[in-house]
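Shown next, in structure tokens, is the structure this report addresses.
Read-outs throughout are calculated quantities, based only on the coordinates presented, and are distinct from any laboratory measurement. What you are looking at is a predicted structure, and each value in this text was computed from that prediction instead of being measured. Virtual Cβ from ideal backbone geometry, glycine too; neighbours counted across all protein chains shown.
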Amino acid sequence: MIKPTLIQQFRVEPGTKVNLKQYVTDWTATDNAQELGKDVIKERAREILEENRKELATAQELLYASDTHSVLLIFQAMDAAGKDGTIRHVMSGVNPQGCQVYSFKKPSAEELDHNFLWRYMKALPERGRIGIFNRSYYEDVLVVKVHPEWLGPGQPANPDDKFWEQRYEDINNFEKHLSRNGTLVLKFFLHVSKGEQKRRFLERLNNPDKHWKFSESDMAEREHWKDYQKAFEDALCATSTKRAPWYVIPADRKYVARALVADIATTAIQDLGLEYPKVAAEKLARLEAARAQLENKPNDDKAGA
Ligand code: ATP
Ligand code: MG
């Protein structure tokens, strides 16, 4: 597992102003990391991912058996930051029946006719499950903050600061409600640099097998890079809380991002201190009787197997 002191540097402390330039996008370029060398880090990151995959599977089984909590993992990022790949790798060891992934796209007309949290509420994980939001209600203070004209009917044409502050407040209250009702909420911002996004877009354009991944709207949104970074900074500052913290994950190296997310999620679930339900004495007696019956009664099929 990764040392908690290292993890701490990626967590947004509640109430602190966020300047994304102060968070690294390429962790392998930091002084500490350079001493180790990229190959060592890559290998270590793979090992951490592997260890956590197994531990996450065990933690999820316990989550399911104890049936007292649920877990919500939220992923937000600029395009091509690696949300899909991170989700796929981190969750690959978990029983598919124990987790649900929802990817949120542009809201439908029906969704826009409801309050902005409505469609997300319907997708929340039930007790015992891990729910993953690939994009989330944070889009409603990110993409639409950059493009207020996409807010939908009934919303102000020129939303002021108060409008956004009220949305942050709604989100904080919503997450408080979830937390009080047994949902562990963890939020990951995959922090990719503009240069690395360019490299990944070019890779998609240069490789015919990856053309399907490229969307022209990704290019248009790249033009608004600064506005998005500012919207992220405001949102992370306003909504990182003790109950539902934000982590700014360096995402220029996919293996670093995956290892960090896997470690943070696994540790947080383990820290819930869940236990397998204790079976009542009466039921234990019935289990004992069933065992005796199975052991003592001869098989009645001919093969005797
Ligand atoms: P991919 O990796 O497949 O590109 P994606 O998450 O980028 O995954 P897209 O279908 O490309 O999926 O994009 C979804 C789009 O929907 C994004 O541009 C996102 O900003 C937009 N979107 C999501 N939620 C909202 C919302 N509440 N209001 C407006 N736009 C939204
Ligand atoms: Mg996209």
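Tabulated results
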item: Degrees, to the nearest 10: 225-239 long Cα axis against longest axis of the chain; result: 50
item: DSSP-assigned coil residues among GluC sites (Glu not before Pro) in the range 111-152, each with at most 15 further Cβ atoms within 10 Å; result: Glu126
item: Cα-Cα separations in the range 173-271 greater than 18 Å, expressed as whole percent; result: 61
item: Positive-end extreme of charge dipole, the chain - chosen from Ser136, Ala33, Ala280 (charges on Cβ); result: Ala33
item: Residue among Gln22, Gln60, Gln34 with the largest mean-square fluctuation in a Gaussian network model of the chain, springs linking Cα atoms under 10 Å; result: Gln22
item: Net charge of Cβ neighbours under 14 Å - reference Thr183; Lys, Arg +1; Asp, Glu -1; result: +3
item: Of Lys254, Lys210, Lys42, the one that fluctuates the most in a GNM where the chain has Cα springs shorter than 10 Å; result: Lys210
item: Measure of compaction for the chain (Cα Rg per 2.2 N^0.38 Å); result: 1.18
item: Total charge dipole magnitude, the range 1-97, about the Cα centre, Cβ charges on Lys, Arg, Asp, Glu only, Debye to nearest 20; result: 220
item: On Cα atoms only, tilt of 281-296 relative to the major axis of the chain in degrees; result: 60
item: Cα Rg, Dmax, the range 13-129, angstrom units; result: 18.2, 54
item: GNM flexibility winner over the chain from Glu295, Glu50, Glu61 (Cα, springs under 10 Å); result: Glu295
item: Unit charges on C-beta of K, R, D, E only; dipole of the range 4-279, Debye; result: 300
item: C-alpha long axis of helix 194-206 to longest principal axis of the chain, angle in °; result: 80
item: Helix-only [θ]222 nm of the chain, DSSP H runs n ≥ 4, -39500 (n - 2.57) each, per residue, nearest 500; result: -15000 deg cm²/dmol
item: Loop-located GluC sites (Glu not before Pro) in the range 164-238, at most 12 other Cβ atoms within 10 Å (DSSP); result: Glu223
item: Positive-end residue, the range 4-279 charge dipole about Cα centroid, Cβ charges, pick of Ser193, Ile171, Cys99; result: Cys99
item: Under 5 Å, built H, 5+ apart or other chain: amide partners of Leu72; result: Gly131, Leu184, Val185, Leu186
